[in-house]
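Worksheet for the structure shown next.
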Amino acid sequence: MVIVPVALPLAAACLYALFGWNRVTEWLGVLSAGGLLAAAVPLARAGEGSGLWGLLRVDALSAYMLVVIGVVALLAMLASPGYLRAEAAAGHTGPRAARSYGIFTQCFVAAMATAVLAASLGMLWVAVEATTILTAFLVGYRRTRKATEAAWKYVVICSVGIALALLGLVMVHYAAVHAGLSSREGLDWVSLAEHAGRLDPGVTRIAVVLLVLGFGAKAGLAPLHAWLPDAHSQAPAPVSALMSGVLLSVAFYAILRVKVVSDVALGAGFCRMLLIVVALASLAVAAALLIGQRDFKRMLAYSSIEHMGLIALGAAIGNGLALGAVLLHILGHGLGKSVLFIGSGRIQQAAGSSSVEAVRGLGGRAPGLAAAFGLGLLALLGLPPFSLFASELGIVRAGFAAGLGWAVAPALVLMLVIVAGVGRAAGRMLLGTAPPDGFSTAPPDGFSGAPPDGFSGAPPDGSGERSRGAEDGFGGRWRGAGVPLVVGLVACAVLGVTLGPLRPLLDSAVTIATAGPPLSAMGGAR
């Protein structure tokens with residue numbers, strides 16, 4: 001069963017390679033994501049296990065992350081057929097590009113599943129590097145100048161981060177071997193955690209800094225965060241949902257594993273201070289860039305930096321309540337951000353732009369889509385009844401209880417600034433006065449020239465996109481994305497009220513991620 005979450009998306013990728021993307025195969029991604037999510041249930045109940053000659057291992061923490069990957073992938077794959085049909089109708093994609101989309105998205109999901117199931121730091125590093133290569137093709141999917149620039153920026157910055165993580169990995173292995181562990185045990189998570197107290201403190205300290213900065217680059221944390229807004233604004237909307245909703249969290253999962261070793265080898269204070277600095281820097285960057293933001297897809301990307309900063313702050317606090325809130329926040333953020341990126345993709349297709357000004361008065365033109373997008377923003381800002389309210393409250397309570405009010409207080413101030421910035425943009429989008437002609441005649445931002453594979457479905461006079469928008473309005477876009485939007489919002493709201501069957505798994509995952517007590521009361525999430 002440990003191999004199933006990796007094998008299913010790889011099998012779907014092979015089928016896309018053989019049969020392409022069509023009316024039948026476009027639902028393979030949904031089946032694959034559903035199968036991955038279903039496979040996570042028995043793995044969570046099994047507790048611990050290994051497979052693939054010991055290269056993969058599952059415990060409660062990795063099983064919980066598999067649930068997150070499965071849920072976000074399911075929402076993204078449900079939205080993909082409608083999204084690509086709209087892209088094809090506008091002449092922005094074709095059969096060959098759609099085939100590539102199917103192959104790379106499924107390989108991307110398989111790589112993330114491999115990362116959280118990796119039995120060693122080395123295997124995890126390989127899987128995270130694989131996600132960089134695979135998603136680079138997806139970020140540059142449209143092959144426009146902006147998309148290509150975003151893909152290269154993503155590759156360069158994340159490669160720097162991965163290189164730092166590789167150096168940290170080498171230093172951890174060096175310290176482990178000199179502490180008496182075998183070469184194979186030198187990168188194994190279980191062996192490192194058991195013998196962390198024997199690692200050389202000086203070498204381990206440098207290794208932890210490199211690993212946190214390296215994997216932090218992939219998680220969108222400052223200072224190596226600059227790739228995130230460009231990549232998320234240029235990638236197809238379902239891919240942006242995958243990247244923001246779960247890829248960032250998979251990278252932070254690596255930091256959680258490193259923190260377990262660091263706390264034993266160096267004491268909790270070292271990694272705590274490092275994560276607090278990174279968290280507050282990320283929140284400050286997000287706050288500064290969200291004030292006056294005029295592009296709603298970039299706004300969502302900067303919001304991801306904010307939420308990863310909050311997750312880092314919770315991990316820095318490090319007690320059972322804080323880490324329980326962190327894990328809940330990872331799932332809630334994945335749901336909320338998936339809804340918003342899927343919705344933003346439909347808005348961009350209908351309006352022809354990702355500019356806030358181009359979609360003013362969305363509430364009057366598309367009430368259903370505007371309601372879903374508005375509720376998604378409320379979830380993102382941490383308002384009840386959504387789960388992000390419970391998780392943020394848990395992080396704040398845990399911080400003050402641990403005597404870290406000096407770090408939580410500035411974080412709260414920065415969060416208020418972010419709420420003001422996002423609220424201002426949301427007000428203009430949802431409640432503002434619509435543009436005079438109702439729709440933008442411009443093609444989606446960054447698109448120019450011929451489709452990537454010569455597909456000739458573009459409107460002959462260049463006005464088809466607008467006339468089609470006039471015919472079915474934003475309503476047609478809502479109908480194509482309604483299911484994943486509603487499912488994502490309902491799930492996020494339910495998690496804010498009760499954890500249900502997730503509670504035992506979350507308790508076990510917290511026990512693995514910290515030496516402290518398991519999850520305690522967490523506000524509204526019971």
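The values are calculated or read from the model by the stated rules, or taken from the named source; none is laboratory data. Since the structure is predicted, the reported quantities are computational estimates derived from the model, not experimental observations. Cβ: placed from backbone, ideal geometry, glycine included. Neighbour counts: every protein chain shown. Ligands, DNA and RNA are excluded from the accessible area calculation, which covers all protein heavy atoms including side chains. Shrake-Rupley method; radii C 1.70, N 1.55, O 1.52, S 1.80 Å.
Things worth noting here:
- Evaluating Ser183 against the criteria (1) without any contact (Cβ under 8 Å) to a residue 12 or more places away in the chain; (2) more than 24 Å from Leu55 (Cα to Cα) leaves one unmet condition, (2).
- Any hit, the range 356-369, residues being under 30 Å from Thr514 (Cα atoms) and among the charged types (D, E, K, R): no
- On the stretch given as the range 158-186, residues that are at pLDDT below 90 and assigned to a helix (DSSP H, G or I) total 2.
- Of the residues examined, Gly309 is one that is farther than 19 Å from Ala60 by Cα, out of contact with any His (no Cβ under 7 Å at 6 or more places or on another chain) and open to solvent by less than 10 Å² (accessible area, probe 1.4 Å).
- The residues on offer are Gly332, Gly382, and the sole one that is of a type outside the set (A, V, I, L, M), closer than 28 Å to Ala398 by Cα and in a helix (DSSP H, G or I) is Gly332.
- Scanning the range 19-40 for residues that are within 14 Å of Arg99 (Cβ to Cβ) and either at pLDDT 95 or above or under 22 Å from the mean Cα position of the chain (by Cα) (or both) gives Leu28, Gly29.
- Verdict on Ser191 being open to solvent by 50 Å² or more (accessible area, probe 1.4 Å) and polar (S, T, N, Q): no
- Filter pass, Val419 being open to solvent by 20 Å² or more (accessible area, probe 1.4 Å), at pLDDT 90 or above, out of contact with any Lys or Arg (no Cβ under 6 Å at 6 or more places or on another chain) and closer than 21 Å to Gly343 by Cα: yes
- Residue count for the range 385-395 under the criterion of being part of a helix (DSSP H, G or I) and buried (at least 24 other Cβ atoms within 10 Å of the Cβ): the result is 7.
- Condition met for Ala279 (surrounded by 24 or more Cβ atoms within 10 Å (Cβ to Cβ), touching a Phe, Trp or Tyr at 6+ places or on another chain (Cβ under 8 Å) and either of a type outside the set (Asp, Glu) or within 25 Å of Leu66 (Cα to Cα) (or both)): no
- Residue identified as crowded, with 22+ Cβ neighbours inside 10 Å and either in contact (Cβ under 8 Å) with a residue 40 or more places away in the chain or closer than 20 Å to Val128 by Cβ (or both) among Ala17, Ala46, Ala73, Ala39: Ala73
- Any hit, the range 74-85, residues being aliphatic (A, V, I, L, M), out of contact with any Ser or Thr (no Cβ under 7 Å at 6 or more places or on another chain) and closer than 30 Å to Val258 by Cα: yes
- Tally of residues being buried (at least 24 other Cβ atoms within 10 Å of the Cβ) and among the β-branched types (Val, Ile, Thr) across the range 345-381: 2
- Selected residue (only one of Ala325, Ala251 is in contact with a strand residue (DSSP E or B) (Cβ under 8 Å, 6 or more places away or on another chain), part of a helix (DSSP H, G or I), small (Gly, Ala, Ser) and open to solvent by less than 10 Å² (accessible area, probe 1.4 Å)): Ala325
- Evaluating Arg96 against the criteria (1) surrounded by fewer than 20 Cβ atoms within 10 Å (Cβ to Cβ); (2) touching a Lys or Arg at 6+ places or on another chain (Cβ under 9 Å); (3) not β-branched (Val, Ile, Thr) leaves one unmet condition, (2).
- Given (1) over 30 Å from Val326 (Cβ atoms); (2) free of Cβ contacts under 8 Å to residues at least 24 places away in the same chain; (3) in contact with a helix residue (DSSP H, G or I) (Cβ under 7 Å, 6 or more places away or on another chain), number of the condition Glu26 does not satisfy: (2)
- Scanning the range 225-242 for residues that are of a type in the set (A, V, I, L, M) and under 18 Å from Leu310 (Cβ atoms) turns up just one, Leu228.
- Condition check for Val212: touching a residue at least 60 places away in the same chain (Cβ under 8 Å) and surrounded by fewer than 17 Cβ atoms within 10 Å (Cβ to Cβ): no
- Single condition Ala98 does not satisfy, out of (1) farther than 27 Å from Leu256 by Cα; (2) in contact with a helix residue (DSSP H, G or I) (Cβ under 8 Å, 6 or more places away or on another chain); (3) modelled with pLDDT of 95 or more: (3)
- For Leu10, the stated conditions do not hold, so it cannot be described as open to solvent by less than 10 Å² (accessible area, probe 1.4 Å) and in a helix (DSSP H, G or I).
- Filtered residue count, the range 194-206, keeping only those that are farther than 15 Å from Gly267 by Cβ and either touching a Gly at 6+ places or on another chain (Cβ under 6 Å) or part of a helix (DSSP H, G or I) (or both): 3
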